[in-house]
Amino acid sequence: MPQELKNNRLIKALLREPVDMTPVWIMRQAGRYLPEYRATRKKAGDFVTLCQTPELACEVTLQPLLRYPLDAAIIFSDILTIPDAMGLGLKLIESVGPRFERSISTLSDIKKLPLPDPEQELKYVMDAIRLVRKELNGNVPLIGFSGSPWTLATYMIEGGSSKNFSKAKKMLDKEPDTLHLLLQHLTDAVVLYLNAQINAGAQAIMIFDTWGGMLSTPDYMEFSLSYMKRIRDYLKTKNSENRVPVTLFTKGANQWIEDIAETGCDGISIDWNCNIGEVRKRVGDRVALQGNMDPSMLREDEEKIVGEVRSILDSYGHGPGHVFNLGHGITPDINPENVAILVDAVHDLSQQYHKK
Ligand code: 1CP
């Protein structure tokens with residue numbers, strides 16, 4: 001039975017339809033800056049168990065929505081669920097970050113990688129989505145997500161987080177065909193995974209290409225963007241209720257925004273190293289834009305935060321097609337009260353840009 005969304009601002013804005021005010025959500029809105037998140041994570045014992053227990057993943061997904069009038073929920077999970085489901089063994093090590101027990105270095109490693117069945121190895125994500133949709137009861141849309149093939153490949157080749165991506169870049173330079181095989185395999189896995197998320201109830205999709213900006217322009221086109229386009233082409237972007245808009249985020253991609261728009265995505269998430277009004281002029285009415293406040297602005301006082309919100313709204317200007325967000329994830333040191341200031345400021349100050 002199709003369910004009408006009570007607050008449909010996010011979907012409308014991504015489809016560039018008129019809204020009464022600019023929708024807002026925060027990248028990593030469920031996370032360590034919230035004391036209630038830290039409490040649930042403690043209850044879970046560790047991060048991977050938190051992700052893999054649908055009741056707890058549902059609980060932390062909803063936590064930021066209980067505090068703030070956000071216009072969307074994003075399923076609590078991680079981009080590294082896919083490599084974990086391929087057997088790499090994900091662990092989150094305190095103050096180090098995510099690590100894999102096994103990494104990928106040869107063609108034979110890649111050939112051995114299974115293609116996870118989203119309703120088997122990743123069923124816990126689908127169950128969490130079904131649970132969150134039930135709990136949300138149509139209040140706001142639920143965003144599903146995945147990492148991009150290139151960003152997932154960097155973690156799989158490096159064995160975890162990296163500063164300079166030396167192993168991944170070495171494979172790109174010395175064995176591009178091997179890397180292409182891994183990227184194609186990841187593309188197949190991401191398409192299955194995101195389509196399963198849509199079937200389970202995700203109402204918008206976001207693809208995080210956090211490390212695409214580490215590539216040169218020709219390498220970005222060949223090793224990252226082309227695979228995101230393939231994913232976009234194979235997503236069934238309609239669920240039982242609505243169009244399911246797809247948003248791409250490559251951090252550090254400001255010189256490539258026109259190329260990203262060419263993929264046919266609905267929205268592009270942009271970081272804070274660009275002026276959103278100028279980016280809007282470059283893409284015209286082809287796509288919606290999401291962003292782009294510097295996450296470190298949330299360390300400032302109320303006056304500065306509100307001033308920055310005003311300046312971003314003003315830069316984007318009148319009319320639909322803007323989803324307010326940070327240019328990257330919120331950090332653990334942020335005072336939760338400052339998020340309330342941000343969300344209220346977006347809703348209050350944006351109404352003047354949406355009058356008929
Ligand atoms: O409790 C903890 O200490 C864990 C910290 C944490 C959290 C809260 C990790 C480990 N992942 C998450 C959740 C998460 N990851 C979400 C939740 C939904 C939300 O509320 O927004 C999302 C969307 C992600 C996506 C993700 N994970 C990305 C892409 C987006 C981005 O921020 O760039 C990446 C690169 C990851 C890998 C990852 N997982 C965790 C960390 C600390 C990292 C980054 C490590 C690195 O810098 O390489």
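The values are calculated or read from the model by the stated rules, or taken from the named source; none is laboratory data. Predicted, not measured: the structure shown is a model, and the values here were computed from it. As a convention, Cβ positions derive from the backbone with ideal geometry for all residues, glycine included, and neighbour counts pool all protein chains shown.
Which one is nearest to the ligand (Cβ to nearest atom), of the residues in the range 1-14 that are closer than 30 Å to residue 352 by Cβ and not charged (D, E, K, R)? Before the answer, list the steps.
Of all residues in the range 1-14, those closer than 30 Å to residue 352 by Cβ come to 4-14.
Next, from what is left, pick out any that are not charged (D, E, K, R): 5, 7-8, 10-11, 13-14.
Values: 5: 19, 7: 18, 8: 20, 10: 14, 11: 18, 13: 18, 14: 17 Å.
Checking each candidate, the answer is 10.
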Look at residue 81 and say whether it is under 28 Å from residue 237 (Cβ atoms) and among the β-branched types (Val, Ile, Thr). yes
Looking at residue 290 and the list (1) under 21 Å from residue 19 (Cα atoms); (2) touching a residue at least 24 places away in the same chain (Cβ under 8 Å); (3) away from the ligand (no atom under 16 Å from the Cβ), which single condition is not satisfied? (3)
Considering only residues that are over 30 Å from residue 13 (Cα atoms), of a type in the set (Gly, Ala, Ser) and touching a Pro at 6+ places or on another chain (Cβ under 7 Å), which ones fall in the range 69-109? 85, 87
The one condition residue 96 fails out of (1) at pLDDT below 95; (2) crowded, with 16+ Cβ neighbours inside 10 Å; (3) hydrophobic (A, V, I, L, M, F, W, C) is (2)
Give the residues of the range 148-167 that are small (Gly, Ala, Ser) and either more than 11 Å from the ligand (Cβ to nearest atom) or surrounded by 24 or more Cβ atoms within 10 Å (Cβ to Cβ) (or both), sorted by residue number. 148, 153, 159, 166
I'd like the residue in the range 207-226 that is surrounded by fewer than 22 Cβ atoms within 10 Å (Cβ to Cβ) and within 16 Å of the chain's Cα centre (by Cα) and, out of all such residues, is farthest from residue 173 (Cα to Cα). 210
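Tell me, which helices (runs of 4 or more DSSP H) lie completely within the range 15-105 with 2 or more residues that are more than 10 Å from the ligand (Cβ to nearest atom) and farther than 19 Å from residue 119 by Cα?
On the way: elements: 35-44, 47-52, 54-67.
Result: 35-44, 54-67.
Given 129, 143, which one is outside any helix (DSSP H, G or I), within 18 Å of the chain's Cα centre (by Cα) and not polar (S, T, N, Q)? Walk me through how you get there before you give the answer.
Details: 129 fails: outside any helix (DSSP H, G or I).
It is 143.
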Cβ pairs under 9 Å, 6+ apart or interchain, first in the range 31-53 and closer than 16 Å to residue 331 by Cβ and among the aliphatic types (A, V, I, L, M), second within 10 Å of the ligand (Cβ to nearest atom) and modelled with pLDDT of 95 or more, ordered by first then second residue, are 34/60; 34/63; 34/64
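For every residue, the table says whether it meets (1) closer than 24 Å to residue 26 by Cα; (2) at pLDDT 95 or above; (3) more than 16 Å from the ligand (Cβ to nearest atom).
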{"position": "180", "(1), (2), (3)": "no, yes, yes"}
{"position": "203", "(1), (2), (3)": "yes, yes, no"}
{"position": "219", "(1), (2), (3)": "no, yes, yes"}
{"position": "222", "(1), (2), (3)": "no, yes, yes"}
{"position": "232", "(1), (2), (3)": "yes, yes, yes"}
{"position": "249", "(1), (2), (3)": "yes, yes, no"}
{"position": "259", "(1), (2), (3)": "no, yes, yes"}
Against the conditions (1) surrounded by fewer than 18 Cβ atoms within 10 Å (Cβ to Cβ); (2) free of Cβ contacts under 8 Å to residues at least 40 places away in the same chain, where does residue 107 fall short? Just the number, please. (2)
